[in-house]
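Structure record follows, encoded as structure tokens.
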Amino acid sequence: MLLRYFYDEKLAHASYMVGCQAKGEAVIVDPMRNIEPYVEVAEKEGMKIVGSLETHIHADFVSGSRELADRFGAKMYISDEGDADWKYENLEGIPHQLLKDGDKFTLGNLTFEVMHTPGHTPEHISFLLTDGAAADDPIGIFTGDFVFAGDIGRPDLLEKAAGFKDTAKAGAYTMFESIKRFKELPDYLQVWPAHGAGSACGKALGAVPSTTVGYEKRFNWAMQIEDKEEFVEELLSGQPEPPYYFAVMKSVNKIGIELIKNLPELKFITSAEEIEKAIEEGNQVVDTRPYAEYAKGFIPGTINIPLNNSFTNWAGW
């Protein structure tokens with residue numbers, strides 16, 4: 001089995017390549033928009049990318065699954081849980097497989113088993129991975145935005161960012177039941193989440209890339225609370241303000257993205273005259289210098305977002 005970890009620091013987003021070396025094929029779990037890092041590793045390892053697995057309809061970044069499908073014919077393995085509001089759309093002509101709790105599919109010696117883990121979102125699923133060449137039981141679980149290192153996914157984004165009223169508390173109650181099910185898993189299972197420290201999808205994410213079920217059961221704050229009402233109250237308190245673009249991302253990933261090959265060509269401008277003309281034509285111009293430099297002098301009509309690890313979140317906001 002091949003397992004590779006990819007991390008986008010600006011979005012605190014983790015994705016994974018899982019491959020069967022005997023078959024020479026791999027899938028990507030929760031792929032980022034820029035698929036080039038996967039392509040490079042796949043070529044280096046002699047793998048063909050044949051699929052992408054999504055734990056849920058993401059709200060904080062644009063998924064690369066449809067890009068992988070367009071470029072390589074990779075099958076999208078996506079949730080069919082939740083109600084009609086949380087179903088993927090515009091899948092005509094795209095290879096895909098809709099998944100329910102308990103479903104299984106294989107990639108050579110590897111078996112993926114679907115576990116419905118709602119709470120962060122209604123359609124959220126996790127993937128238990130078994131390496132059949134070495135064992136009969138799972139080695140780990142891809143938890144997406146369900147369980148993080150030291151934290152769990154927040155249930156209030158649908159209400160705060162997407163405008164779905166009265167969903168935060170309902171999601172918290174659902175998360176309580178999902179956590180109970182998580183605690184029934186074997187302690188030795190590795191946990192591979194979709195986010196690390198700095199993500200707005202939780203309030204206390206750890207900075208380590210992976211953890212185990214046993215460790216989280218012992219030390220994750222959410223695993224220590226047995227009373228449902230106390231759990232709900234604690235989960236909903238202290239959550240950071242979600243960036244406004246989260247509401248847009250949810251729709252984008254549900255409906256589908258504009259493929260890279262169809263995007264307009266970028267034009268780079270450098271002179272003050274060109275920038276002023278661009279502003280006059282109605283374009284938004286972002287000045288990426290450090291704020292102290294921007295404060296010394298700037299072109300009217302520009303906005304300042306320093307090019308640091310928070311750039312993508314602030315730009316999206």
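Remarks
- Sole exception among (1) modelled with pLDDT of 90 or more; (2) on the phi < 0 side of the Ramachandran plot for Pro242, by number: (1)
- Any hit, the stretch 159-173, residues being under 18 Å from Leu235 (Cα atoms), acidic (Asp, Glu) and surrounded by fewer than 23 Cβ atoms within 10 Å (Cβ to Cβ): yes
- Scan of the stretch 197-208 for residues that are touching a Leu at 6+ places or on another chain (Cβ under 6 Å) and open to solvent by less than 20 Å² (accessible area, probe 1.4 Å), ordered by number: Ser199
- When Asp101 is tested against (1) surrounded by fewer than 20 Cβ atoms within 10 Å (Cβ to Cβ); (2) modelled with pLDDT of 95 or more; (3) in a helix (DSSP H, G or I), exactly one condition is not met: (3).
- When restricted to residues that are open to solvent by less than 90 Å² (accessible area, probe 1.4 Å), assigned to a helix (DSSP H, G or I) and in contact with a Gly (Cβ under 9 Å, 6 or more places away or on another chain), the stretch 279-299 contains 1.
- Test result for Ala247, touching a residue at least 40 places away in the same chain (Cβ under 8 Å), out of contact with any Lys or Arg (no Cβ under 8 Å at 6 or more places or on another chain) and small (Gly, Ala, Ser): yes
- When Lys165, Lys217, Lys180 are screened for being part of a loop (DSSP other than H, G, I, E, B) and either modelled with pLDDT of 90 or more or under 21 Å from Gly82 (Cβ atoms) (or both), only Lys165 passes.
- Single condition Val50 does not satisfy, out of (1) among the hydrophobic types (A, V, I, L, M, F, W, C); (2) surrounded by fewer than 18 Cβ atoms within 10 Å (Cβ to Cβ); (3) over 19 Å from the mean Cα position of the chain (by Cα): (2)
- For the stretch 194-209, the set of residues classified as under 13 Å from Asp60 (Cβ atoms) and of a type outside the set (A, V, I, L, M, F, W, C) consists of His195, Gly196, Gly198, Ser199, Gly202, listed by residue number.
- Subset of the stretch 73-84 (residues that are at pLDDT below 95 and assigned to a loop (DSSP other than H, G, I, E, B)): Gly82, Asp83
- Test for Ala74: is it touching a residue at least 12 places away in the same chain (Cβ under 8 Å), within 29 Å of Trp317 (Cβ to Cβ) and hydrophobic (A, V, I, L, M, F, W, C): no
- Pairs are defined by a Cβ separation below 7 Å, a sequence spacing of at least 6 or placement on different chains, a first member in the stretch 285-307 that is touching a residue at least 24 places away in the same chain (Cβ under 8 Å) and farther than 21 Å from Lys10 by Cα, and a second member that is assigned to a strand (DSSP E or B) and open to solvent by less than 50 Å² (accessible area, probe 1.4 Å); the pairs so defined are Gly301/Val285; Thr302/Val285; Thr302/Asp287.
- Any hit, the stretch 64-72, residues being modelled with pLDDT under 95, under 14 Å from the mean Cα position of the chain (by Cα) and of a type outside the set (D, E, K, R): no
- Residue in the stretch 265-272 that is surrounded by 12 or more Cβ atoms within 10 Å (Cβ to Cβ), in a loop (DSSP other than H, G, I, E, B) and modelled with pLDDT of 90 or more present: no
The values are calculated or read from the model by the stated rules, or taken from the named source; none is laboratory data. The structure presented is a predicted model; accordingly, all values stated were derived computationally and were not measured. No Cβ is skipped: glycine too gets one built from the backbone with ideal geometry, and neighbour counts run over all protein chains shown. Heavy atoms of the whole protein, side chains included, go into the accessibility calculation; ligands, DNA and RNA do not. Shrake-Rupley method; radii C 1.70, N 1.55, O 1.52, S 1.80 Å.
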